[in-house]
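Chemist: Submitted below is the structure of interest, expressed as structure tokens.
Just so it is clear, none of the values below were taken in a lab; they were calculated from the coordinates. The structure presented is a predicted model; accordingly, all values stated were derived computationally and were not measured.
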Amino acid sequence: MLQVLLVIAGALIVLFGGMYIMSGIDKWLREDGFIKEEAAPAEKKKAGGRAEDRYEMLVFGSTREAEEICRCARESKLSAVFSDEVLFRKEWEDIRYIVAVSDSDLDNLLLCNIGKKLYNLQGAFGICSLKENRKLFKNSGIKIIEKREDMGEYILGLLGRRESLA
């Protein structure tokens, strides 16, 4: 009985600790101007905006899959930016999709969650290697993707853009 209570207490500590950390991240993002108070979609850039800041897809990870996803996205006329480090820019307000393909489930989960708070996303995708973490991804609204040889075409297929590669 004591072991059950200790497990429950430990789980509650982890749960509330995670909630506390996420609320701190929310506060930090609001203070730095990444999150606007109103829930309206991001306004489009004015005509004088820099073209290199207009990306529709943000791909995280220092893997071969990340490079392939960016290559396929660009071939299908979907502007994509690749980053192998945590890099979010306020100017990237046109981001609609985040794909996290690093080797760490935790990194993928956190990157997608932060991206969902910063941008008006239509989809967040992440690789989840451990079966134990799948529930966290699903509860966060992140679509779990599998590592594959044809990762770029796989992602475009999920977005309904595969036919544009022909």
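Chemist: Could you list, in their original order, any pairs among LYS116/LYS147; LYS27/LYS77; LYS77/LYS131; LYS27/LYS131; LYS77/LYS143 whose Cα atoms are separated by more than 28 Å?
Modeler: Result: LYS27/LYS77; LYS77/LYS131; LYS27/LYS131 exceed 28 Å.
Chemist: Same structure again: Assuming 0.36 nm per residue, please report the length gained on full extension of the stretch ASN139 to ALA9 beyond their Cα-Cα distance. Don't jump to the answer; show the numbers that get you there.
Modeler: Numbers: separation 130, 0.36 × 130 = 46.80 nm, distance 2.15 nm.
Going from the current span to full extension adds 44.7 nm.
Chemist: Going by amide H atoms built from the backbone, whose H comes under 5 Å of the H on ILE145, apart from near neighbours?
Modeler: GLY126, ILE127, CYS128
Chemist: At q = 0.18 Å⁻¹, what is the log10 ratio I(q)/I(0) for segment 53-166, with the Debye formula run over Cα points and no solvent?
Modeler: The Cα Debye sum returns log10 ratios of -0.83.
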